[in-house]
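Heads up: the structure comes next, in structure tokens.
The values are calculated or read from the model by the stated rules, or taken from the named source; none is laboratory data. This structure is a prediction, so every number in the text was calculated from the model and none was measured. Virtual Cβ from ideal backbone geometry, glycine too; neighbours counted across all protein chains shown. Side chains included, ligands, DNA and RNA excluded: accessible areas come from the protein's heavy atoms. Shrake-Rupley method; radii C 1.70, N 1.55, O 1.52, S 1.80 Å.
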Number of protein chains: 2
Amino acid sequence: MSTAAETTLSIGQVSALTGLTTHTLRFYEQEGLFVAPVRRNAAGRRVFTTEEVEWLKVCTKLRSSGMPLPEIRRYAGLVLAGPGNEVERFDILRRHEANVQQQVDDLQEALTVIHRKVELYARRLDEGTADQLWTNGPECDPLPDAAE
Amino acid sequence: MSTAAETTLSIGQVSALTGLTTHTLRFYEQEGLFVAPVRRNAAGRRVFTTEEVEWLKVCTKLRSSGMPLPEIRRYAGLVLAGPGNEVERFDILRRHEANVQQQVDDLQEALTVIHRKVELYARRLDEGTADQLWTNGPECDPLPDAAE
DNA sequence: GCTTGACTTCGAGTCGACTCGAACTCATAG
DNA sequence: CTATGAGTTCGAGTCGACTCGAAGTCAAGC
């Protein structure tokens, strides 16, 4: 049922749409990252749908935010298993959300340190006193004991 | 001559202070990440100062924010070479700052996608309609064509 | 009929940043 | 005087996520 106009896509087209190489797409299939078995045509070639492309876009976000392949596999496996395990899926997502938030916080902290040094250099270069940097310690710019 | 009370630290103490293993500290020396040659005592053992510990703390921030070792080596080399190259150092820092900001932005975007899914699951689980998720597409929660 | 190019499978190689283990030396405490 | 434990050097191994290459298949265009 549903719309009969199910556009089918070759691996090359999916590659173009997602930015993942064909090598990577095959690798992902092999790693069990798809939420449904990848179909083949008469000639044994992979046939994808736009839904699979959407899922791959989500995957890409999960990956780029540091979710390991085994965890994505687990999530995909739950979806594949069908309704009834939504709480588990929810849990994976919430955990990952917290994880990403932590990453952002850590990066922000590093950014603060880096930004302070950038500012210091900018000021000293402007004043013409930059050559006095690092005369005694890390660029004369001790970390104010960041709360860690 | 500065303060004569220059505390000297063993590699084990530095490890405890920085959280880097002794293996890693030796590795870092070998990779040329120090801003001054690491000194040795009569017995040939490494002797560190608190300044080196401060630098290592900066290093740790650079690393955790994704600066590759070769780039840190380059920066350390400039400091080691002494005054006169502050503009180059400044450049490295500014570039890295921009890079980290980009990472934060990318993570925030992924976070948005993930958060939307978390919210969706929370709502559906609450409503008791979670079993209708993923009936047609990636969890019935199409990405609203995020500006990429 | 032949070439082209996208596809197939498989296994091996790469990369960065550690991480580990083995075999050794050395200074101090009991 | 020996045992302990921290240090030394060196080279090899690990890990995750690709990435690549080889050898072969297949459908369409000339």
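Shape analysis of the stretch B:93-137 based on the Cα gyration tensor places the equivalent ellipsoid semi-axes at 36, 10, 4 Å, largest first.
Under 27 Å of direct C-alpha separation, and excluding same-chain neighbours fewer than eight residues apart, B:Lys117 reaches these lysines: A:Lys57, A:Lys61. A cut-off under 12 angstrom between Cβ atoms defines the neighbours of A:Pro37, and their net charge, with Lys, Arg +1 and Asp, Glu -1, is +1. When A and B come together, around 4400 square angstrom of accessible surface is lost from both chains combined, probe 1.4 Å. Within the stretch A:46-126, the percentage of alpha carbon pairs spaced more than 16 angstrom apart rounds to 66%. In the assembly of identical copies, A:Asp91 has its label point, taken 7 Å from Cα in the direction of the beta carbon, separated from the corresponding points by 5.3 nm (ascending, one decimal). For the rotation carrying A onto B, the chain A residue whose Cβ lies nearest the axis, with the distance in whole Å, reads A:Val104, 3. Among the trypsin sites (Lys or Arg not before Pro) in the stretch A:1-75, those placed in a DSSP loop whose Cβ has at most 14 other Cβ atoms within 10 Å are A:Arg45. Shown for B:Gln108: label points 7 Å from Cα along the beta-carbon vector, and their distances to the equivalent points in the other copies, 1.0 nm in ascending order. With its label point defined 7 Å out from Cα along the Cα-to-Cβ axis, A:Asn41 lies at 7.3 nm from the matching points of the other copies, in increasing order. Taking every alpha-carbon pair within the stretch A:1-68, the share separated by more than 21 Å comes to 21 percent.
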